[in-house]
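Encoded as structure tokens, the structure appears first; notes follow it.
The values are calculated or read from the model by the stated rules, or taken from the named source; none is laboratory data. Just so we're clear, the structure is a prediction, and the values are computed from it rather than from any experiment. All Cβ positions, even for glycine, are placed from backbone atoms using ideal geometry, and neighbour counts span all protein chains on display. Only protein heavy atoms, including side chains, enter the accessible area calculation; ligands, DNA and RNA are left aside. Shrake-Rupley method; radii C 1.70, N 1.55, O 1.52, S 1.80 Å.
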Amino acid sequence: MNKAIKLNENQRIAAEHKDQHILVLAGAGTGKTSTIIARVEYLIQKGVDPQRILLLTFTRRAAKEMTDRLSLSIGDAAKEVTTGTFHHFCLLTMRKEPDKFGIRDFTVIDRDDQISLMNLARAKYVTKGVKFPIASKLVNFYSYARNTKMKFSEYLNKYAEYDYEISTKILNVFGDYDQSKQSHRYLDFDDIIYRFGEVLHNSPSINEQLRSQYDHILVDEMQDTNPLQWRILDGLRDPAKLFCVGDDAQSIYAFRGADFRNVHSFKDRVPDSVVLKLEDNYRSTQEILDFSNWLLRESPLNYDKNLKAQRGKGIKPVMKSFSSDLAEAKWIAEDLIKRHEEGNSWKDHTILTRTAYGARSVEAMLIEKKIPYVFIGGASFLQSAHVKDLLCLVRAAGNPQDEIAWMRYLTLWPKIGDVIASRLIASIKNTGSLAKAFSETARNNAKRNEIINGPEVIMQHWNEPAKALKAGAEFFEPLLSARYDQWNVRKKDFDLLVKLAERYTSLMRFIEVYTLDPITSTAAVSDNPDVVTLITVHSAKGIENRVCYIIRAEPGIYPHMRSIGKEDEEEEERRTLYVAITRAKNELILTRSKFQYSYSYPYFDTEGSYFLSDVPDNILQEDYVHDHAFDNVYHASNETDLTADFTNIMS
């Protein structure tokens with residue numbers, strides 16, 4: 001083994017285990033990445049060709065981290081190991097032989113595009129006065145059903161509460177949506193995984209070809225895999241051996257289709273497999289781990305893990321209770337200021353929230369107190385309207401059949417609405433030329449020549465992605481600067497986009513990569529910013545910090561009210577709290593507002609299911625904080641009231 005990778009005994013046993021299907025149950029902070037890297041190094045030292053190793057992750061960032069660490073460990077051989085997300089691997093493989101997978105000249109579309117296309121499919125089934133699910137909700141239904149391998153009709157019967165007539169219309173919408181995707185040559189995210197799995201299992205020649213390519217398949221974050229992804233692993237294994245690393249106690253994405261059983265039932269699903277455990281935690285102090293261990297022991301499920309801190313003892317976690325959410329927010333802000341004045345960096349502090357909405361009081365107080373922060377869990381960088389405007393121009397230039405891109409591009413211009421744009425698009429599809437389409441449909445448009453010039457600006461630099469995007473940004477600036485506020489701030493996003501594109505030689509490849517795994521808004525922040533991180537728990541996997549606050553740790557939130565009474569969902573809520581707790585390295589502070597939950601959930605027995613009702617005193621210290629400034633303040637029923645109350649209090 002490379003001396004740069006220091007392994008404990010259990011990590012070493014996992015990394016050097018014989019050729020067998022292996023599941024490594026790696027508790028939070030137990031060094032799963034080091035173990036995966038050590039496994040790759042061990043295999044190569046044993047003579048395995050690095051080109052016959054496949055390493056699958058769930059985010060582009062994780063894949064990059066794996067590649068960087070492999071380079072440090074094994075040098076140039078790291079470039080020969082196929083590393084990427086499931087979507088990246090499947091799309092890359094299909095692009096090599098597009099005809100065999102039926103995807104030649106197809107364009108990958110993102111969620112916003114899915115919603116636009118679903119809206120078009122939905123339109124003819126909407127009846128005035130009759131409630132019908134909005135497009136974004138239909139996309140959620142569609143995606144969940146596909147990722148869990150359920151028939152649409154089965155999904156609607158099981159999870160949706162619609163009558164027969166509405167359900168029939170929804171099924172028709174899905175049918176039209178599928179047909180529209182095919183006619184416009186679109187692939188949505190689910191298509192990538194679904195189509196790959198279908199061909200893998202239904203084409204013996206493709207199956208044999210792909211299964212013969214790899215000897216070892218390593219999977220990071222196994223607990224996040226859904227049934228479609230499991231189907232791919234199941235189709236690629238044997239003779240290839242699986243080495244899957246995950247934590248059943250961190251399976252918190254069932255709403256995306258993640259299947260808890262892929263980890264919890266691994267031995268039953270994979271013959272001749274072995275389950276190994278990593279329990280030595282290198283992140284947190286023992287007091288924090290005592291809390292997380294207690295939480296799992298309270299579960300009816302057998303998680304069978306007991307994390308042990310290699311850092312030793314520290315500060316006992318504390319629960320701070322307040323009279324209102326505003327008092328809670330004020331205390332957190334003042335605690336942050338106090339710590340900063342004592343010499344601690346803002347960036348050493350993370351605030352974890354179960355929902356983005358639940359953090360509004362805290363965010364308002366951070367703004368009021370002028371505490372620098374970033375909120376993670378909102379819109380991604382590539383979902384910004386002005387960035388999507390530029391990318392739609394690129395897509396339209398590259399694919400004359402991309403109706404969604406053309407519609408967005410054309411309707412950006414003055415005096416072109418949906419009707420004229422639709423006529424132009426129909427003409428483009430018939431003539432193959434935007435100039436000819438204008439000659440037939442919109443002869444008198446004052447901006448005609450300028451609009452026609454847009455795709456040409458991109459095509460002039462088609463094989464130079466960075467130059468193409470820079471030229472497109474310059475072309476668009478007069479139009480978009482008049483359209484959007486704070487343009488000087490927004491235009492900096494284009495500089496970031498150009499910089500990211502410099503590493504690519506294919507413009508469409510660049511767009512595909514970042515469409516599959518969008519850049520979060522924090523990518524636009526300068527390196528190592530000294531800011532407090534406010535983040536949703538579901539966005540916090542993989543992060544850690546010295547001091548963590550878990551806000552609104554109250555009945556109705558842990559578990560969330562909507563899960564109460566549903567055993568599987570309540571258990572996932574327990575795992576969500578476990579993830580939040582195990583982000584803390586040195587200090588963990590939970591906060592709650594008695595008035596908040598008694599106000600918000602007066603008709604529900606949230607106390608009866610509350611995870612933190614009976615935490616032993618030796619595990620969690622409780623402290624009630626009274627603030628007279630909030631004695632006469634009532635929780636606001638909407639954001640306007642909240643702002644008014646907040647302003648009055650602070651003044």
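The accessible surface of region 540-583, taken with every protein chain in place and a 1.4 Å probe, is 40 percent carbon and sulfur.
In the distance distribution for region 224-342, Cα-Cα pairs more than 26 Å apart total 46 percent. A P(r) calculated from all alpha carbon pairs of region 315-417, with 10 Å bins opening at zero, reads 12, 30, 19, 15, 16, 9, 0 percent.
Treating only the Cβ of Lys, Arg, Asp and Glu as charged (+1, +1, -1, -1), what charge dipole size does the chain show about its Cα centre? Round to the nearest 20 debye.
Around 1780 debye, computed over the chain.
Given a 1.4 Å probe and the protein chains as shown, Ile557 ends up with an accessible area of around 10 Å².
Placing +1 on the Cβ of every Lys and Arg and -1 on the Cβ of every Asp and Glu, with nothing else charged, gives region 154-284 a dipole about its Cα centre of roughly 240 debye.
Do any trypsin sites (Lys or Arg not before Pro) in region 294-361 lie in a loop, going by DSSP, with at most 13 other beta-carbon atoms within 10 Å of their beta carbon, and if so which?
For trypsin sites (Lys or Arg not before Pro) across region 294-361 that sit outside H, G, I, E and B with at most 13 neighbouring Cβ atoms in 10 Å, the list reads Lys313.
Placing unit charges on the Cβ atoms only, positive for Lys and Arg and negative for Asp and Glu, gives region 221-305 a dipole magnitude near 280 debye about its Cα centre. Atom-type composition of the exposed protein surface of region 284-376 places 48 percent of the accessible area on carbon and sulfur (1.4 angstrom probe).
Express the carbon and sulfur contribution to the solvent-accessible surface of region 30-153 as a percent, rounded to the nearest whole number, probe 1.4 angstrom. It would help to have the intermediate numbers written out before the result.
On the way: 2940 of 5780 Å².
Reported share for carbon and sulfur atoms: 51 percent.
Each of Leu577, Ser292, Trp346 was scored by the projection of its Cα onto the charge dipole of the chain, and the greatest displacement toward the positive side belongs to Trp346; charges sit on the C-beta of Lys, Arg, Asp and Glu. Taken per residue, the accessible surface of the chain reaches 45 Å², heavy atoms only and a 1.4 Å probe. Here the 3J(HN,Hα) profile of region 280-297, calculated from phi with Karplus coefficients 6.51, -1.76 and 1.60 at θ = phi - 60°, is 7, 8, 10, 9, 10, 7, 5, 4, 5, 5, 4, 5, 5, 5, 4, 4, 5, 5 Hz, Gly and Pro shown as x. Rg/Rh, computed from the Cα trace of region 386-445 with Rh as the Kirkwood radius, has the value 0.94. Amide H contacts for Phe243 (H built 1.01 Å from N in the peptide plane; partners 5 or more residues away or on another chain; cut-off under 5 Å): Ile22, Ile217, Leu218, Val219. The count of lysine pairs in region 118-244 that are at least 8 places apart or cross chains, and whose C-alpha atoms lie under 28 Å apart, stands at 29. Checking (1) 70, 62, 56; (2) 78, 69, 55; (3) 112, 86, 59 against Cα extents along the principal axes in Å calculated from these atoms, the matching label is (2). Secondary structure note: in the chain, about 5% of the DSSP beta bridges are antiparallel.
In order along region 60-73, the Karplus-derived 3J(HN,Hα) couplings, from 6.51 cos²θ - 1.76 cosθ + 1.60 at θ = phi - 60°, round to 5, 4, 5, 4, 5, 4, 4, 4, 4, 6, 5, 4, 5, 8 Hz, and Gly and Pro are given as x.
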